[in-house]
Amino acid sequence: MRISARADYAVRAALQLASSRDEVPLKAEAIADAQDIPHKFLESILNDMRRGGLVLSQRGGNGGYRLAKPAKSITIADVIRVVDGPLVSVRGVRPPDLSYTGPAQSLLPLWIALRSNVREILEGVTVADVASANLPADVSALAHSPGAWTNP
């Protein structure tokens, strides 16, 4: 699985919004500067997040963006889906819509198992969890397992 720059930036923007202590909306420029995200790219991402119901925008001198609901009710999967679509697809097709024949037949359950594990992790972690550096124990255990960041 590959996390796109768009998904990474969207999650980072959501985290920046979640860590804002005030009810004052954050300007896109402030988010872009804080997270080192190209401003124009971030504007497009924030528009997708607004259309997806994750952020609210306010115009004017005191305008900007804020989360549309509490960070504890927005999962990382929610953010990724809004900006990138399905979490796991094969050639742009969701695994349940694939079919294989012959020796490749067992690929389908493999792709579905992969999708299930990715969903379990990303749907089980909220923006609030990451913003507070309080990941669920099972996710922390996976991240700290030997070899987690080494390539075979």
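Points to keep in mind about this one:
- Condition met for residue 88 (in contact with a Lys or Arg (Cβ under 6 Å, 6 or more places away or on another chain) and either in contact (Cβ under 8 Å) with a residue 24 or more places away in the chain or open to solvent by 70 Å² or more (accessible area, probe 1.4 Å) (or both)): yes
- Residue that is modelled with pLDDT of 95 or more, of a type in the set (A, V, I, L, M) and closer than 16 Å to residue 3 by Cα, where the choices are 88, 118, 83, 127: 83
- Within segment 98-152, if we keep just the residues that are more than 30 Å from residue 21 (Cα to Cα) and within 19 Å of the chain's Cα centre (by Cα), the residue that is least open to solvent (accessible area, probe 1.4 Å) turns out to be 118.
- Scope segment 17-32; condition touching a residue at least 40 places away in the same chain (Cβ under 8 Å), in a helix (DSSP H, G or I) and open to solvent by 20 Å² or more (accessible area, probe 1.4 Å); matching residues: 18
- On the stretch given as segment 32-49, residues that are under 15 Å from residue 71 (Cβ atoms) and more than 16 Å from the chain's Cα centre (by Cα) total 0.
- Among the residues of segment 50-73, the ones that are surrounded by fewer than 16 Cβ atoms within 10 Å (Cβ to Cβ), closer than 19 Å to residue 126 by Cα, under 16 Å from the mean Cα position of the chain (by Cα) and not small (Gly, Ala, Ser) come to 4 in all.
The values are calculated or read from the model by the stated rules, or taken from the named source; none is laboratory data. Since the structure is predicted, the reported quantities are computational estimates derived from the model, not experimental observations. Glycine gets a Cβ as well: all are built from the backbone with ideal geometry, and neighbour counts include every protein chain shown. Heavy atoms of the whole protein, side chains included, go into the accessibility calculation; ligands, DNA and RNA do not. Shrake-Rupley method; radii C 1.70, N 1.55, O 1.52, S 1.80 Å.
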